[in-house]
Amino acid sequence: MLGKKRRRKLSSVPEAVTATKRMNLCAAVNDALRITLKKDDSSIVFGEDVAFGGVFRCTSELREQFGRNRVFNTPLSEQGIVGFAIGYAAMNCTAVAEIQFADYIYPAFDQIVNEAAKYRYRSGGMFNVGGLTIRAPCGAVGHGGHYHSQSPEAYFCHTPGLKVVMPRDPIRAKGLLLSSIRDPNPVIFFEPKILYRSVVAEVPVEDYTIPLETAEVVRPGKDVTLIGWGAQVNVLMETAQLAEAKGVSCEVIDLVSLLPWDAETVVESVKRTGKAIVSHEAPITNGFGAEVAATIQEHCFYNLEAPVRRICGFDTPFPLVHEKYYLPNKWRCVEAVFDLVAA
Amino acid sequence: MPTETRKEVYKTMVRTSVMDDIFYLAQRQGRISFYMTCSGEEASVVASAAALNQSDEVFAQYREQGLFLWRGFGLDEVANQCCSTTKDPGKGRQMPVHYGSKELHVHTISSPLGTQLPHAVGAAYHMKLKEEKRIAACYFGEGASSEGDFHAALNFASTLQCPVLFLCRNNGYAISTPTEEQYHGDGVLSRGQGYGIDALRVDGNDAIAVYAAVSDARSKCLSTQSPVLLELVTYRSGHHSTSDDSTRYRDPDELQSVGHQLSAIDRFRAYLYDRKLWTDQEDREFRDHVRAECLHALEAAERERKPPVTGMMSDVYETVPKHLHEQQYAALHQMGVDDL
């Protein structure tokens, strides 16, 4: 299948959009949750400080609209939040659990990896927690230090049974969150919190979904393929602009879903360009970029004109004062682009 | 406990015990890979199961096979699960004793300890929102009560007011660790009180006491839409599992004195004899009958086919994703199966 040539359309947002509204990513998430609570009677939204609107305001005014039974605070226990959500979802209901920061998801690791991910498989399909979605803000934010900056997606991408999704802007955030909530499998939905307020877009007001497991070619190009997800896609778009000024054409791919991920789109692109850079904020060693690089190597080896490069966070805890040196910014990325082109 | 229920509870306790003996020995003979007995805890499990409603959603640990039997899980189903056959609804994917039944409202057992407690709370929250006239019942051991999930679950159940019944089988041991090294303070009971949950300690080897306590607790859960914790004090008279040898850490004298003295089955049988509800002959005949039924189920399961390798990739997700299709194709190709 990987050899099959297929160009994807640049945007998966509904084409016949009737009305849009200016929303930041936070408002887009809020809108997706509102649609869910309105249309799905079984849905509940909960977590730490969710009732008053959440520390990032993503659940703002939902309690007022849908009542305290469906939008509520839980005690401060991530394993409790996810365990509770699993039990609720196991009754064929929709549970949207919020983990306040992805950095604090680890107490729930056992519940996610050993319980949510295996609930269907271990019962031979008798039971499932497909109605479970875990939202967690992730990534660098400029001042978050060790414990308000992490991108832990790779840990979860190592777990069969889970889906892992990360949007890059408000339009995708709304459509992908609705897809994640309605997907009949447990989904971890990482929200790059730097984008909550910094990115504003005309978001369709209607209810729409964007397919999971489908990467998106955000910018077509012919010389180098740049692969990222979440906020890093925006860095790669800036990288592509810098490269273009020097006459290098970059194709930028947003993976959108990390598990399962769309290798086909990546492989098709790299076969054309012969050069690939994968970039993420998380530490380089054993980051999800390693999986992408290995897959490119396996399927595009004879098309590659240079080694696959990974431009990622360094193998350190997330450093507060050195954040701008730690991050794989556009300068690091564009330098890699020129290295590859010169190779 | 109604008279007829007494006999049925006793019979299911015996059924559980006879089944355990046979499957334990079957493991020793290499016929199944692993087994865990419920020895000594039959009253805690079966009498509590009898006091629940059949539609109550159960989240159990791994020593509650008596509850499965009470709800109608067949010995053939036990054997098929333990032998990982095509007739195991779990499709042979889990070690023996990890039963589950959607029809019987018992969620499939998983090995990690304590993880099922917050699940029961979430399920109970659903019942509360939908105003269903049923509860979630959650079994676990005193060892599991040291896990974080136990504490999270009690706290969530209390603050969110969920109709969930926590049933702790305090059997004295978590594998080799005795209760003195598991917790200090007043047992598991006191944790319930600490979380604002009504809690009661019960003689878990007294079937009638267990039944009465669980009946009351269940009514309270339903009428107040809030949690209750019961600590059923019992005794694990068997090994932790077939991978364990309890003589390495438990004085055989203790087993002789405490274990036999507390035997739930002996006590309940004496009670039934005393009231002329059951006779020695009936007891012998019933045991023989169950033994024959078990052996038959085991032999039949041994003749069953194992689940096809093509099933390895199903149920990871609701539908098999592309990358698993490819892996399955590659695996079967390697095995020389190309005709898919």
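The values are calculated or read from the model by the stated rules, or taken from the named source; none is laboratory data. This is a predicted model, so every value here is computed, not measured. Here Cβ is always computed from backbone atoms with ideal geometry, including for glycine, and neighbour counts include all displayed protein chains. Areas reflect the complete protein model, heavy atoms only, side chains present, ligands, DNA and RNA absent. Shrake-Rupley method; radii C 1.70, N 1.55, O 1.52, S 1.80 Å.
Basic side chains Lys and Arg get +1 at the Cβ, acidic Asp and Glu get -1 at the Cβ, and with that the dipole of the range A:23-204 about its Cα centre reaches some 360 debye. In chain A, the calculated helix contribution to ellipticity at 222 nm averages -9500 deg cm²/dmol per residue, counting -39,500 (n - 2.57) for every DSSP H run with n ≥ 4.
Between B:ASP266 and A:PHE338, how many nm apart are label points set 7 Å from Cα along the C-beta direction? That separation, rounded to one decimal, is 8.7 nm. Work out the charge dipole of chain A with +1 on the Cβ of Lys and Arg and -1 on the Cβ of Asp and Glu about the Cα centre, then indicate which of A:PRO160, A:SER149, A:PHE52 is farthest towards its positive end. Positive-most Cα among the choices belongs to A:PRO160. Averaged over the residues of B:147-154, the number of partner chain Cβ atoms lying within 10 Å of the residue Cβ comes to 6. Between A:LEU320 and A:GLU202, take the C-beta separation as r, use R0 = 45 Å, and let me know the FRET efficiency to the nearest 0.05. Plugging the Cβ-Cβ distance into 1/(1 + (r/R0)^6) gives 0.80.
Only one residue of B:HIS126, B:TYR99, B:LEU75 has its Cα farthest out toward the positive end of the dipole of chain B, where Lys and Arg carry +1 and Asp and Glu -1 on Cβ, and that residue is B:HIS126.
Averaged over B:108-121, how many beta carbons belonging to a partner chain fall within 10 Å of each residue's beta carbon?
Values: counts 10, 2, 6, 2, 6, 0, 3, 8, 4, 4, 14, 14, 4, 5.
Counting other chains' Cβ atoms within 10 Å and averaging over B:108-121 gives 6.
When the surface is traced with a 1.4 Å probe over the full set of protein chains, A:GLU298 keeps roughly 130 Å² accessible. Calculated mean residue ellipticity at 222 nm for chain B: -13500 deg cm²/dmol, from DSSP H runs with n ≥ 4 weighted as -39500 (n - 2.57), summed, divided by the residue count and rounded to 500. Return the subset of A:LYS163/A:LYS330; B:LYS87/B:LYS220; A:LYS21/B:LYS130; A:LYS163/B:LYS87; A:LYS193/B:LYS130; A:LYS163/A:LYS246 for which the Cα-Cα distance in this structure is over 32 Å, preserving the input order. Checking Cα-Cα distances, B:LYS87/B:LYS220; A:LYS21/B:LYS130; A:LYS193/B:LYS130; A:LYS163/A:LYS246 exceed 32 Å. For the pair B:GLU132 and B:LYS7, label points projected 7 Å from Cα toward Cβ lie 3.3 nm apart. Put A:ILE99, B:ILE22 in order of accessible area, highest first, and with a 1.4 Å probe you get B:ILE22, A:ILE99.
Centroid-to-centroid, using Cα positions, the range B:26-47 and the range B:255-282 are 19 Å apart.
Between A:GLU238 and B:ILE175, the FRET efficiency estimated from the beta carbon spacing at R0 = 45 angstrom works out to 0.20. Using the Cβ-Cβ distance between B:HIS289 and B:VAL337 with R0 set to 35 Å, the FRET efficiency from 1/(1 + (r/R0)^6) comes to roughly 0.20.
In peptide B:94-100, what is the residue-averaged number of other protein chain Cβ atoms found within 10 Å of each Cβ? Walk me through the intermediate numbers first.
Values: counts 5, 0, 0, 0, 2, 1, 5.
Other-chain Cβ atoms within 10 Å of each residue's Cβ, averaged: 2.
Solvent-accessible area lost on pairing A with B (1.4 Å probe, both sides summed) amounts to about 3800 Å². Where in the range A:119-135 does the amide nitrogen come within less than 16 Å of the point 7 Å from the Cα of B:GLU103, taken along Cα to Cβ? From the range A:119-135, the list is A:124-127.
Assuming charge only on the beta carbon of Lys and Arg (+1) and of Asp and Glu (-1), the dipole of chain A about its Cα centre is about 600 debye to the nearest 20. Projecting the Cα positions of B:VAL58, B:SER190, B:GLY148 onto the charge dipole of the range B:3-307 (unit charges on Cβ atoms of Lys, Arg, Asp and Glu, taken about the Cα centre) puts B:VAL58 furthest along the positive direction.
List the residues of the range B:64-87 whose backbone N lies under 19 Å from a point placed 7 Å from the Cα of B:ARG303 along the Cα-to-Cβ direction. Within reach of a label on B:ARG303, which here means backbone N under 19 Å from a point 7 Å along Cα→Cβ, the range B:64-87 contributes B:75-87. In this view, the solvent-accessible surface of A:TRP331, computed with a 1.4 Å probe and all protein chains in place, comes to about 150 Å². The range A:117-180 and the range A:294-325 have Cα centres spaced 22 Å apart.
Label-to-label distance for A:SER42 and B:ASP253 is 5.8 nm, based on points extended 7 Å past Cα in the beta-carbon direction.
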